[in-house]
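Below is one structure, written out as structure tokens; the observations come after it.
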Amino acid sequence: MEKRILYKFTFLIIIALLIIVMYVWKWTTDEEEPQSPEDLFDESQHETEQPPVLQQKKIDEVLEDKSDSNTEDETQNGVGDNENQQTTEDQHETAYLDQFGDEAVTNAKEQAKQGLALYLLQIPEWDKWQGVVTASFLKKIKQNVPTMKEANMERRLESIELFASDASKEDHMVFGAFASWDVTSNGRVTNQRTQLFYLTMVQQDDQWLVNNMVSPDEGMEGEKDS
């Protein structure tokens, strides 16, 4: 009887040990639960998605680089246009120097400035025009310049900047001139003006004289270039 009880007790212990071993084995060999596609997508999004602040910073950097590039292009275009204009003016003056010589070009420039100054200041003393403009042009000027200035009205010449331009005839020189002057009344400036003129110079008696003066600007002084 005691042996039977001992056998049963031993059998129960063995069963208990087997159960414990099975639970330990199952716990150590159990694989991770596979992730769902939704979980994988969420993790990928967390890894690659940047905070809104960083995204906005990158956008601002791209826009800033593009703006700087456009500004640089515009600056380069502006510089290029100015350089092209300067090159053209230099080419015209070089052509005059080759054709007429340095002394002739210098004299023509001085006469052009003086003729334009006389016109803008509306000088009615016609003897001052002699040796500066041709007789035919002086006749035209007398019709445009008033013989008497308005009371208390005066003109003050600020500057004349000359540049060589293209001449339509081989024996002529043409100079463009940006002129600035003030109109004063009773000593106070009432009008400030800037205008572009073109002056045609011809040679007479070893002198270069103003033979024509036109302005491409509408509504301003000078005969309009048609």
Report task. Quick one: GLU110 ticks every box in (1) over 28 Å from the mean Cα position of the chain (by Cα); (2) at pLDDT below 65 except a single one, so which number is it? Result -> (2)
Query raised in the report: Which ones in region 119-134 are of a type in the set (A, V, I, L, M) and at pLDDT below 95?
Result: LEU120, LEU121, ILE123
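Quick grid of which residues meet (1) modelled with pLDDT under 90; (2) surrounded by fewer than 15 Cβ atoms within 10 Å (Cβ to Cβ); (3) assigned to a loop (DSSP other than H, G, I, E, B):
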| site | (1), (2), (3) |
| --- | --- |
| MET148 | yes, yes, yes |
| ALA151 | yes, yes, yes |
| ARG155 | yes, no, no |
| SER159 | no, yes, no |
| LEU162 | no, no, no |
| PHE175 | no, no, no |
| TRP181 | no, no, no |
| ASN191 | yes, yes, no |
Report summary line: Of (1) touching a Leu at 6+ places or on another chain (Cβ under 7 Å); (2) in a helix (DSSP H, G or I); (3) touching a residue at least 60 places away in the same chain (Cβ under 8 Å), PHE137 fails just (1)
Report summary line: For region 92-125, the count of residues that are open to solvent by 30 Å² or more (accessible area, probe 1.4 Å), part of a helix (DSSP H, G or I) and not aliphatic (A, V, I, L, M) equals 14
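The values are calculated or read from the model by the stated rules, or taken from the named source; none is laboratory data. Being a predicted model, the structure only gives us computed values, none of them experimental. Quick reminder, even Gly has a Cβ in these numbers, built from the backbone with ideal geometry, and neighbours come from all protein chains shown. Each accessible area value is taken on the protein alone, full model and side chains, heavy atoms only, with ligands, DNA and RNA left out. Shrake-Rupley method; radii C 1.70, N 1.55, O 1.52, S 1.80 Å.
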